[in-house]
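Written below as structure tokens is the structure these notes are about.
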Amino acid sequence: MKSSQLRFAVVGALVLAAALLPLLAASYYVQFASKAMLMAVFALSLSIVVGYGGLVSMCHAAFFGLAGYMLGFLSPEDAGATLWWSLPAAMAVVAVAAAVIGALSLRTRGIYFIMVTLAFGEMLFYLFHDTKIGGGSDGLYIYYPPELVLGGASLLDLANARTFYYVAFGLLLAAALLVRTLVSSPFGRALQASRDNEQRARSLGFPVFRIRLVAFVVSAMLASVAGYFSAAQFGFVAPQMLGWHASATVLVMVVLGGMTSILGPIAGAFALLGLEEVLKASIENWRLAKGLVVIAIVLLLPGGLQHLLAMVMPERAVRRSATAVGNDVPVSADAVKGVASHG
């Protein structure tokens with residue numbers, strides 16, 4: 001079987017299995033899969049700036065949690081918020097916050113960029129944690145999920161686990177398509193050129209600052225979608241959703257799966273959450289075991305879980321496979337070292 005046929009067969013089988021999961025699995029696993037898919041959307045959003053932009057942001061959880069709080073603020077006490085306008089409103093607020101944070105943070109480089117984004121993320125964390133906004137440290141409850149109403153009839157019942165699963169599944173597919181289209185476009189190639197050699201990109205006339213700012217804002221808006229629906233799934237949002245621990249966790253997902261592909265962050269999100277579930281049910285000190293497993297994977301697979309393709313396909317086929325999922329510009333070893341140096 002040709003590598004392209006194998007690739008399509010594997011992807012098709014995964015999509016089919018995901019579509020059939022709610023019909024075969026128990027409610028708990030359906031809800032877990034929904035959570036994992038939303039976290040995969042979150043990881044995809046971060047991969048735009050980390051993998052393709054070479055910028056390690058430590059404030060993306062702030063955008064994730066801010067969207068959840070916006071859902072809580074916009075939800076009436078006796079009904080769910082209207083999805084038609086509450087989701088765009090949450091994305092708009094996050095876009096404004098990301099534009100301000102990005103415009104200031106992107107004037108720095110390397111470790112200083114990490115420190116500045118971390119500082120902004122912690123500022124938003126303490127804004128919700130140490131004040132009465134959104135219930136303070138106790139968080140905010142969302143008693144009714146958002147509603148999609150047309151002509152007086154409800155089109156979606158997000159309180160139903162199966163319905164919510166398919167919504168999350170659709171969001172993941174849409175996010176993967178969006179990121180693939182973005183990084184394959186001239187804008188995406190300019191973003192990757194800025195990552196690989198900023199000085200050369202400037203000499204060619206690329207507005208590097210504006211390119212990175214747009215990527216930062218788009219990434220934040222995609223993270224806000226994941227945060228909005230995560231709050232809708234659990235009916236609760238807390239300051240911990242905005243903290244640096246959450247940003248670090250999603251960064252681990254991106255690195256674990258692979259920074260320079262579409263499938264990498266998705267695989268990293270499912271792998272990390274699945275590993276947690278297995279270890280929680282097996283051993284008491286599961287956090288220590290999780291850390292050791294993650295370290296082992298990073299050492300054995302420096303390119304992330306996407307590197308497993310090299311074990312079943314020749315190098316040329318792997319390169320074509322990576323291109324098919326959005327990595328149109330091969331990443332050099334120097335570029336990877338540059339991204340690592342930012343961390």
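No lab work stands behind these numbers, since they all come straight from the coordinates. None of these values were measured; they are calculated from a predicted model. Quick reminder, even Gly has a Cβ in these numbers, built from the backbone with ideal geometry, and neighbours come from all protein chains shown.
Can you compute the helix-only [θ] at 222 nm over the chain? Use -39500 (n - 2.57) per DSSP H run of at least 4 residues, normalise by all residues, nearest 500 deg cm²/dmol.
-23500 deg cm²/dmol
Give the longest segment of the chain that steers clear of GluC sites (Glu not before Pro) in DSSP loops with at most 15 neighbouring Cβ atoms within 10 Å, not counting the sites themselves.
Of all site-free stretches, the longest is 78-283.
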Taking amide H positions as placed 1.01 Å from N in the peptide plane, with prolines and chain starts having none, which residues 5 or more places from SER57, or on another chain, fall under 5 Å of its amide H?
none
Just want to confirm a number: the relative contact order over region 62-165, from Cα pairs under 8 angstrom separated by 6+ residues, in percent.
33
Cα lying deepest toward the dipole's positive end in the chain, options GLN31, GLY68, GLY257, charges on Cβ
GLY257
Scanning the chain for trypsin sites (Lys or Arg not before Pro) in DSSP loops with at most 16 other Cβ atoms within 10 Å, what's the longest stretch left with none?
133-343
I want to check the label-to-label distance for ALA103 and ALA296. Put each point 7 Å from Cα in the C-beta direction and report it in nm to one decimal.
4.9
Can you list residues whose amide H is under 5 Å from LEU106's amide H, if they're 5+ apart or on another chain and H is modeled 1.01 Å from N?
none
Extended-chain gain in nm, criterion 0.36 nm per residue less alpha-carbon gap, ILE111 and VAL278
56.7 nm
Choice from VAL252, VAL116, VAL96 with maximal GNM fluctuation in the chain (Cα, 10 Å cutoff):
VAL96
What nm value, rounded to one decimal, do you get for the distance between SER154 and PHE8 when each label is placed 7 Å out toward the C-beta?
4.1
